[in-house]
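Worksheet for the structure shown next.
The values are calculated or read from the model by the stated rules, or taken from the named source; none is laboratory data. All values derive from a computational prediction rather than experimental measurement. Please note: Cβ atoms are built from the backbone with ideal geometry, for glycine as well, and neighbour counts cover all protein chains shown. For the accessible areas, the whole protein counts, side chains as well, though only heavy atoms, and no ligand, DNA or RNA atoms are used. Shrake-Rupley method; radii C 1.70, N 1.55, O 1.52, S 1.80 Å.
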Amino acid sequence: MRIPTMTPDEVKRRVENGTAILVDIREPMEHARESIPGAQLNSLSNFNPTTYIAPGAPATIFHCQSGKRTADNAEQLLNCGASEAYLMQGGLSGWKAAGHLTVINRDKPIEMQRQVQIAAGVIVLLSVLLAWWVSVFFLTLTAFVGGGLVFAGVSGWCGMAKILNAMPWNRAQS
């Protein structure tokens, strides 16, 4: 069974008039950095389908960053027990493209994927520069990072993300 979608404008109207709740399925780090006002967090990694089982509860509209995660997990979301369930087209990106406001907390770290991209880019750039100026053997660092990214993509386990997650700026604040 396919889960229906709603445009960000439709979602905004439904949430504002109280006929729907908006649920963010992104990870806590992503939600803490930027979110739609009033959206509840129920991340896919810890998804609790019983949260929305309530007689007479308003419709539940799910969103992620771009709409891909919600579409990929539509069956799981549809089985959450909500009286009505929808996906928001375009996710948070679609919401912002429609001109709707978000809450941004710049004190929170950027999402892990972007941290990995920045770290990998810096390491590759430095190793190429060092290979140019010092020794060609610095290119082994570029190969190591490239191999690590391929392994992360194939296996779903990223060593760089594990290391970055342990950094002080990513530790949960009490």
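What to note about this one:
Yes or no, residue by residue, for (1) of a type in the set (D, E, K, R); (2) out of contact with any helix residue (DSSP H, G or I) (no Cβ under 9 Å at 6 or more places or on another chain); (3) within 19 Å of residue 3 (Cα to Cα); (4) open to solvent by 30 Å² or more (accessible area, probe 1.4 Å):
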residue: 43; (1), (2), (3), (4): no, no, yes, no
residue: 46; (1), (2), (3), (4): no, no, no, yes
residue: 60; (1), (2), (3), (4): no, no, yes, no
residue: 67; (1), (2), (3), (4): no, no, yes, no
residue: 71; (1), (2), (3), (4): no, yes, yes, yes
residue: 91; (1), (2), (3), (4): no, no, yes, no
residue: 96; (1), (2), (3), (4): yes, no, no, yes
residue: 104; (1), (2), (3), (4): no, no, no, yes
residue: 108; (1), (2), (3), (4): yes, no, no, yes
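- Residue match in region 100-108 (condition: out of contact with any strand residue (DSSP E or B) (no Cβ under 9 Å at 6 or more places or on another chain) and aliphatic (A, V, I, L, M)): yes
- One residue stands out among those in region 70-85 that are closer than 18 Å to residue 45 by Cα and of a type in the set (D, E, K, R): the one that is modelled with the lowest pLDDT, which is 75.
- All positions within region 151-168 that are part of a helix (DSSP H, G or I) and under 18 Å from the mean Cα position of the chain (by Cα): 152, 153, 160, 161, 162, 164, 165
- Checking each residue of region 95-114 against the condition of being touching a residue at least 12 places away in the same chain (Cβ under 8 Å), closer than 20 Å to residue 39 by Cα and part of a helix (DSSP H, G or I) gives at least one match.
- If the condition is being without any contact (Cβ under 8 Å) to a residue 24 or more places away in the chain and buried (at least 16 other Cβ atoms within 10 Å of the Cβ), then region 115-147 contributes 123, 124, 127, 130, 131, 138, 141, 142.
- Residue within region 46-67 that is under 19 Å from the mean Cα position of the chain (by Cα), at pLDDT 90 or above and in a helix (DSSP H, G or I) present: no
- Among the residues of region 7-36, those that are farther than 14 Å from residue 65 by Cβ, open to solvent by 10 Å² or more (accessible area, probe 1.4 Å) and not in a helix (DSSP H, G or I) comprise 7, 17, 18, 19, 21.
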